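**Student:** Can you read through this structure? Questions will come right after.
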Amino acid sequence: MGVSDLSQSGMTRSARIAALPIRHAGRRALGLGKRLGGMSAQDATAQAQAKTAEQIFSVLGELKGGAMKLGQALSVFESVLPDDVAGPYRESLTKLQDSAPPMAIESVHQVLQESLGENWRERFTSFDDEPAAAASIGQVHRAVWHDGRDVAVKIQYPGASGALLADLQQLSRFGRLFAGFFPGIDVRAILRELTDCVSEELDYLHESKVQRKFAVGFDGHPDYFIPHVLAAAENVIVTEWVEGKSLARLIESGTQEERDHFGKMYLRFLLSGPSQVGLLHADPHPGNFKVMPDGRLAILDFGATADLPDGLPPAMGTLLKIALVGDSESVVAGLREEGFIRPGIELDPQSLLDYLGPFTEPAQVPVFKHNREWIREQFERTSDPRNADWSIGMKINLPPNYVMIHRVWLGSIGVLCQLESEFSVRDEFAQWVPGFAEEVKS
């Protein structure tokens, strides 16, 4: 199968990942040589960055597994990168969101036989050997189910489990390298979070159960479509086929009207899931959302979710509302009660409120314009140790029950800023976040 096979030796995969910093150093030296040879520093840097982007995401994409999953996770945060850094990376990041080299068809047939039985072909009227899409731990083939319905057959790559864990461990050793490419983003924290979610995302039977619950909960919805699951096994899921273009394509070339409308629908789905079905879709990268020809937004890939049987925590909306009215003492008390401020940690209430203020800006105004400049400003002020806000942020703890919520919230803001969507975030919070629309009692 070559380099796209997840079952290739760990030594080979590790060697390809380990080569990244060496090649980056070589390109820096080459860039210096070009500057000495008369090329402008700006042109030499731009050329080196473009080559680096191509190499990084080519390796991450071809290796799939944890390598590609890291690339997809980073792609959500592309909007926080400065223009001179983001420009060369943007195209490679977008490609990584919904494509990757396919595995050999012999392996595809072997997985289908092991998962669906010797007579797996009898379940389909036709099966397209050419993959329609590929992701970090599996690829999708288009087929026609025995009852005539168009279906998507998601097949997990052989050896995905071992490769995924090995990749994440190997990548964590190069945290500093990636930190240089993505300033302000804690890549090591992302890797730790991805590692924690490995077992759930590899379990296609669990994913099928979650998707069935979403599909039933949103069945017949005028704005959303979740494909129903027709069959599932440990390494295979067969679902209804979805025709459409991903939000990644809207980021590239969508009209402002499309960006505003589908950006609002995207956020509304993420916020409404807990109250609709008691679950939070926890993989917000734009490749998982498709705009269908009839205008509905289809949602794919339910490998990462969080159980919220009682919906979003009511304290979320209450604390946000209190912060908006400027009650700093109540904000500190509420954060302590929820576990965001640990016992013994002292914070000046007004300084904390000033720190949180910009994050609440989308809910402060009737209509908010998401943009790259705004999110970059937030990352810069909270990730630079030279800023006072950084020390405040370091004192804030993230309780376990908020980890996935926090991940989805940050990821969704990154996507909305890539889309540059403009709509009323406040109205969406008022409808879907418990406690936010209620009057704050003194």
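The values are calculated or read from the model by the stated rules, or taken from the named source; none is laboratory data. Predicted model only: the values in this text are computed from it and were never measured. With ideal geometry, Cβ positions are generated from the backbone for all residues, glycine too; neighbour counts draw on all protein chains shown. Just the protein is used for accessible areas: all its heavy atoms, side chains included, with ligands, DNA and RNA removed. Shrake-Rupley method; radii C 1.70, N 1.55, O 1.52, S 1.80 Å.
**Student:** Scan segment 241-255 residue by residue and report those that are of a type outside the set (A, V, I, L, M, F, W, C) and open to solvent by 10 Å² or more (accessible area, probe 1.4 Å).
**Tutor:** Once the filter is applied, which keeps residues that are of a type outside the set (A, V, I, L, M, F, W, C) and open to solvent by 10 Å² or more (accessible area, probe 1.4 Å), segment 241-255 yields Glu243, Gly244, Lys245, Arg249, Glu252, Ser253, Gly254, Thr255.
**Student:** Just one of the numbered conditions (1) without any contact (Cβ under 8 Å) to a residue 60 or more places away in the chain; (2) surrounded by 19 or more Cβ atoms within 10 Å (Cβ to Cβ) is not true of Glu258; which one?
**Tutor:** Looking at each condition in turn, Glu258 falls short on (2).
**Student:** For segment 394-404, which residues satisfy the criterion of being surrounded by 12 or more Cβ atoms within 10 Å (Cβ to Cβ) and over 30 Å from His261 (Cβ atoms)?
**Tutor:** Taking segment 394-404 and keeping what is surrounded by 12 or more Cβ atoms within 10 Å (Cβ to Cβ), we get 395-399, 401-404.
Answer for segment 394-404, where residues must be surrounded by 12 or more Cβ atoms within 10 Å (Cβ to Cβ) and over 30 Å from His261 (Cβ atoms): Lys395, Ile396, Asn397, Leu398, Pro399, Asn401, Val403.
**Student:** What about Ser391, is it open to solvent by less than 60 Å² (accessible area, probe 1.4 Å), free of Cβ contacts under 8 Å to residues at least 12 places away in the same chain, assigned to a helix (DSSP H, G or I) and of a type in the set (Ser, Thr, Tyr)?
**Tutor:** Considered against the rule, which asks whether it is open to solvent by less than 60 Å² (accessible area, probe 1.4 Å), free of Cβ contacts under 8 Å to residues at least 12 places away in the same chain, assigned to a helix (DSSP H, G or I) and of a type in the set (Ser, Thr, Tyr), Ser391 comes out as yes.
**Student:** Are there any pairs with C-beta distances below 8 angstrom linking a residue in segment 305-324 that is among the β-branched types (Val, Ile, Thr) to a residue that is open to solvent by 20 Å² or more (accessible area, probe 1.4 Å) and assigned to a helix (DSSP H, G or I), with the two at least 6 apart or on different chains, and if so which?
**Tutor:** As it stands, the answer is Thr305/Glu200; Ile322/Ser330, since those pairs meet every condition given.
**Student:** All but one of (1) under 29 Å from Leu279 (Cα atoms); (2) open to solvent by 30 Å² or more (accessible area, probe 1.4 Å) hold for Val408; which doesn't?
**Tutor:** Unmet condition: (2).
**Student:** Can you pull out the residues in segment 209-235 that are of a type in the set (A, V, I, L, M) and either under 17 Å from Thr305 (Cα atoms) or crowded, with 17+ Cβ neighbours inside 10 Å (or both)?
**Tutor:** Val210, Ala215, Val216, Ile226, Val229, Leu230, Ala232, Ala233
**Student:** For segment 252-301, give me the residue count where each residue is on the phi < 0 side of the Ramachandran plot, at pLDDT below 95 and among the acidic types (Asp, Glu).
**Tutor:** Adding up the residues that qualify gives 2.
**Student:** Considering each residue of segment 327-376, count those that are assigned to a helix (DSSP H, G or I) and surrounded by 13 or more Cβ atoms within 10 Å (Cβ to Cβ), and give that number.
**Tutor:** Initial filter on segment 327-376 (assigned to a helix (DSSP H, G or I)): 328-338, 349-364, 372-376.
Filter once more, so that each one left must be surrounded by 13 or more Cβ atoms within 10 Å (Cβ to Cβ): 328, 330-336, 338, 349-364, 372, 374-376.
Number satisfying all stated conditions: 29.
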